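Could you have a look at this structure, given as C-alpha cells, before my questions?
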Amino acid sequence: MIEFNNGSEQKCSMGGMKKKSMSSSGKTSQNTPTDDKGKKAETKKSTSKPTQKQKLSVIVEEPVGMKAIKGMKAITTQSLSRAIGVKISVANAFLRSLETKGLIRNIGGYSGHRIYELLGN
C-alpha cells in the first residue's frame, strides 16, 4: 500500500513483467504467422533432392612423403600432415602403409599420437 499526501491510499505491486528486448520481440512476431483462426500457419517445406557427399580421395605420393619424412626429427602424423599439407587422416593412412611395407617402425606414443622411426638409410 502506498499512502499519498492527500490521504488516499492506492494498492500498487512492484515489479511486474519484464520488458522484452527489441531483438526477441521482433523474432516472436516474425516467426509466428497466424491465419484467421489464430492458429499457427503451416510452413511448406521445400522438396529439394538430398545431396550426396562426394568422396574425395587424396593419396600422398611415396617420393613426396619420403622426402618430407627424411627431414623430420620425430615422425608423427601431425607433423607429416603439416609438412605435406594434407589432412591428418591422409597422413595417418600414408604412415600406416609405410609401416606395413617396412620402411618405418612405430617406436612410441599412445592413443593415436604415434611416433615413428625411419628404417634403413
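The values are calculated or read from the model by the stated rules, or taken from the named source; none is laboratory data. As the structure is a computational prediction, the values presented were derived from the model and not from experiment. Neighbour counts run over all protein chains shown; Cβ positions are idealised from the backbone, glycine included.
Check the range 46-57 and report whether any residue there is of a type in the set (Ser, Thr, Tyr), modelled with pLDDT of 70 or more and not in a loop (DSSP other than H, G, I, E, B).
So in the range 46-57, the residues of a type in the set (Ser, Thr, Tyr) come out as 46-48, 51, 57.
Next, from what is left, pick out any that are modelled with pLDDT of 70 or more: 51.
From what's left, not in a loop (DSSP other than H, G, I, E, B): none.
No, the range 46-57 contains no residue that is of a type in the set (Ser, Thr, Tyr), modelled with pLDDT of 70 or more and not in a loop (DSSP other than H, G, I, E, B).
Specify the residue that is surrounded by the fewest Cβ atoms within 10 Å (Cβ to Cβ); the eligible residues are those in the range 96-114 that are of a type in the set (A, V, I, L, M, F, W, C) and not in a strand (DSSP E or B). Even if it seems obvious, please write down each step before you answer.
Let us first name the residues in the range 96-114 that are of a type in the set (A, V, I, L, M, F, W, C), namely 98, 103-104, 107.
In the following step, the residues that additionally are not in a strand (DSSP E or B) were identified as 98, 103.
On the way: Leu98: 22, Leu103: 18.
In this case the residue turns out to be Leu103.
Also, quick follow-up: Restricting to the range 71-95, what's the tally of residues that are more than 29 Å from the chain's Cα centre (by Cα) and either modelled with pLDDT of 90 or more or surrounded by fewer than 11 Cβ atoms within 10 Å (Cβ to Cβ) (or both)?
Selection size over the range 71-95: 2.
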